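Colleague: Can you keep this structure in mind? I'll have questions shortly.
Throughout, read-outs are computed from the coordinates displayed, never taken from laboratory work. Here the structure is a predicted model, which means the values were calculated and not measured. Cβ coordinates were reconstructed from backbone atoms using ideal geometry, including for glycine residues, and neighbour counts include every protein chain displayed.
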Amino acid sequence: MNIKDYDTIIDARTPAEYALDHIPGAVSAPVLDDAERAEVGTLYKQVSPFEAKKLGASLVAKNVARHIEALFRPHDKNWRPLIYCWRGGKRSGAMAHILREVGSQAETLPGGYRAYRRWVVETLTALPAQLEFTVVHGPTGSGKSRFLGALARAGAQVLDLEALAAHRGSVLGGLPGEPQPSQKWFESLLLAALQKLDPRQPVYVEGESKKIGELQVCEALMARMRASRCIVLQADLETRVTLLLEEYRHFLADRAALEAQLDCLTALHGKEKISQWKALAAKGEWREFVARLLREHYDPAYQRSSMRNFPELANAPAVRIASANAFDEAATALLGVKSRKDAHVLHGAASEGL
């Protein structure tokens, strides 16, 4: 069964189940909401299955009627929806039965969400081996995410894992007001992104560790990336400080949040050094604060991790980022000479920094 053959994918599970993970693009149309499902389940256990089924049937009928009126009324008789619930059983079956009685060509997903989830895990194990990656490395603040954006604008294929994970991948990498997705939803988004890629063309991806914030990158993708061709962004310290101050400006306005994150590094660096960093932040000496974080924490960590996990990095060509405005020209230059085996240093634009 190919879900692309259907006009609409309908998730008949509860809103909480949908929020945790769902088929990308699926419409949430719960036949029971979270409270109703709990109520039916309690009645099933404490009173009788018969009484639970009576209550469930009345709630399902009411909710499906509401969805027909609010979501499905504009569709004609040729509409082909695919409906799924947890196991492809009663909830999706009830909705599909009513829609078929109306006259639509509704079908259910065999095995439901559980079958979809098994397919995600199996496909994420196999698909990365079919793709050719070029892994973008560089110390913290060298602008790897910006460079990926520039490559995408220049027409290259890009896989932005940090965008999918809603996290920049470092101790200060959380995005303000944007929680990370669940692990399962991250994997659904990752698979959907991988499926859009052309295996005949290289895919540019940032050299991540296995963990991005609280999320794990699947083993098959990490193994493929670690065996792939690498390039390295090079930028001077001043440019890196400028870039980081732009990207992490929310911490400048919320020192309590910044200090809480710095406290996470106490075991690595000791209380005295953490206190020194906090003192710089308290005085508003932001450029010195960022420079010290780079020299004393991020750069040593990058050297240890990247060289250990990416053996191709030792012979990787360099892309020089001469300023905070250089990414588009650097991306164009890289794509213009990417087939030259002797291109070891590619210069970015020499425009003025901020």
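Colleague: Explain nothing, just the number: dipole magnitude of the chain about its Cα centre with +1 on each Lys and Arg Cβ and -1 on each Asp and Glu Cβ, in debye rounded to the nearest 20. Can you show the working numbers first?
Modeller: On the way: 46 positive and 42 negative charges, 160 e Å.
Charge dipole, the chain, about its Cα centre: 780 debye, nearest 20.
Colleague: Quick one: if you take sqrt(5λ) for each eigenvalue of the C-alpha gyration tensor of segment 1-88, what semi-axes come out, biggest first, whole angstrom?
Modeller: On the way: eigenvalues 136, 46, 24 Å².
In descending order the semi-axes read 26, 15, 11 Å.
Colleague: Further question: Along the principal axes of its C-alpha atoms, what lengths does segment 116-182 span, in descending order and rounded to whole Å?
Modeller: 37, 30, 21
Colleague: If the only charges are +1 at each Lys and Arg Cβ and -1 at each Asp and Glu Cβ, what is the size of the charge dipole of segment 197-265 around the Cα centre, to the nearest 20 debye? Walk me through the numbers on the way to the answer.
Modeller: Values: 9 positive and 12 negative charges, 88 e Å.
For this selection, approximately 420 debye.
Colleague: Obtain the radius of gyration and the Kirkwood radius of segment 32-176 from its C-alpha atoms and give Rg over Rh.
Modeller: Values: Rg = 22.9 Å, Rh = 19.8 Å.
Result: Rg/Rh = 1.16.
Colleague: Quick one: compute a quarter of the convex hull surface over the Cα atoms of segment 154-299 and quote it in nm². It would help to have the intermediate numbers written out before the result.
Modeller: Numbers: hull surface 40.7 nm².
With every direction weighted equally, the projected area is 10.2 nm².
Colleague: Please report the relative contact order for segment 206-291, taking Cα pairs under 8 Å with a sequence separation of at least 6, and give it as a percent rounded to a whole number. Write out the running numbers ahead of the final one.
Modeller: Values: 32 pairs, mean separation 21.1, N = 86.
This gives 24 percent for segment 206-291.
Colleague: Now, a different point. DSSP loop (so not H, G, I, E, B), at most 10 other Cβ within 10 Å: list which trypsin sites (Lys or Arg not before Pro) in segment 1-104 pass both filters.
Modeller: Working: sites: Lys4, Arg13, Arg37, Lys45, Lys53, Lys54, Lys62, Arg66, Lys77, Arg87, Lys90, Arg91, Arg100; in loops: Arg13, Lys77, Arg87.
In loop regions of segment 1-104 (DSSP not H, G, I, E or B), the sparsely surrounded trypsin sites (Lys or Arg not before Pro) are Lys77.
Colleague: Also, quick follow-up: Pop out the ³J(HN,Hα) list for segment 76-88 in order, Karplus 6.51 cos²θ - 1.76 cosθ + 1.60 with θ = phi - 60°, rounded to Hz; leave Gly and Pro as x.
Modeller: Karplus-based 3J(HN,Hα) across segment 76-88 equals 8, 6, 8, 5, 10, x, 10, 10, 9, 10, 5, 10, x Hz.
Colleague: Only helical DSSP H runs with n ≥ 4 go in: add -39500 (n - 2.57) per run for the chain, normalise by residue count and round the 222 nm mean residue ellipticity to 500 deg cm²/dmol. All intermediate terms of the calculation are to be shown ahead of the outcome.
Modeller: Values: 16 runs with 173 residues, N = 354.
For the chain, the value works out to -14500 deg cm²/dmol.
Colleague: Straight-line reach from Lys273: which lysines have Cα under 26 Å away, leaving out those fewer than 8 places along the same chain?
Modeller: Of all the lysines, those that pass the test against Lys273 - Cα under 26 Å, at least 8 places apart if same chain - are Lys211, Lys283.
Colleague: About its Cα centre, how strong a charge dipole does segment 5-163 have in debye, to the nearest 20, once Lys and Arg get +1 and Asp and Glu get -1 at the Cβ?
Modeller: Details: 20 positive and 18 negative charges, 60 e Å.
Dipole size: approximately 280 debye.
Colleague: Tell me, in nm to one decimal, what length is gained between Lys278 and Cys264 on full extension, where the rule is 0.36 nm per residue of separation less the Cα-Cα distance?
Modeller: Numbers: separation 14, 0.36 × 14 = 5.04 nm, distance 1.27 nm.
Gain in length upon complete extension: 3.8 nm.
Colleague: With point charges of +1 on the Cβ of Lys and Arg and -1 on the Cβ of Asp and Glu, referenced to the Cα centre of the chain, which listed residue (Pro199, Gly173, Val102) lies farthest in the positive direction of the dipole?
Modeller: Of the candidates, Val102 comes out farthest on the positive side.
Colleague: Can you compute log10 of I(q)/I(0) for segment 61-105 with the Debye formula, treating each Cα as one identical point scatterer, at q = 0.25 Å⁻¹?
Modeller: -0.94
Colleague: Here's a follow-up. Cα gyration tensor of segment 77-131, axes a ≥ b ≥ c as square roots of the eigenvalues: rounded (a/c below 1.5), prolate (a/b > b/c) or oblate? Can you show the working numbers first?
Modeller: Values: a/c = 6.57, a/b = 2.16, b/c = 3.05.
Here segment 77-131 falls in the oblate category.
Colleague: Assuming a viscosity of 1.567 mPa s and a temperature of 4 °C, what translational diffusion coefficient in µm² per second does Stokes-Einstein assign to segment 108-222, Rh being the Kirkwood radius over Cα pairs? Walk me through the intermediate numbers first.
Modeller: Values: Rh = 15.1 Å.
Answer, rounded: 86 µm²/s.
Colleague: What is the Cα coordinate range of segment 245-316 on the first, second and third principal axes, sorted by size from largest, in whole angstrom?
Modeller: 42, 27, 18
Colleague: Hey, another quick one. Taking only C-alpha pairs under 8 Å that are 6+ residues apart, what is the relative contact order of the chain in percent? Could the numbers behind the result be given before it?
Modeller: On the way: 540 pairs, mean separation 54.7, N = 354.
Once normalised by length, the contact order is 15 percent.
Colleague: Find the Rg to Rh ratio for the chain, where Rh is the Kirkwood radius over alpha-carbon pairs and Rg uses the same atoms.
Modeller: Computed over Cα atoms, the ratio is 1.08.
Colleague: For Lys4, list the lysines whose Cα falls under 26 Å from its own Cα; do not include residues on the same chain fewer than 8 positions away.
Modeller: Candidates past the 8-residue exclusion: Lys77, Lys90, Lys184, Lys196.
Colleague: Return the whole-Å distance between the Cα centroid of segment 78-92 and the Cα centroid of segment 1-60.
Modeller: Value for the Cα centre distance between the two parts: 10 Å.
Colleague: Between Ala318 and residues 5 or more places away or on another chain, which pairs have amide H atoms under 5 Å apart, with H built 1.01 Å from N, and which residues are they?
Modeller: HN-HN under 5 Å from Ala318: Val232, Val345, Leu346.
Colleague: Still on this structure: Taking amide hydrogens as modeled 1.01 Å from N in the peptide plane, which residues meet the under 5 Å criterion relative to Thr8, leaving out close sequence neighbours?
Modeller: Those lying under 5 Å, H to H, from Thr8 are Arg80, Leu82.
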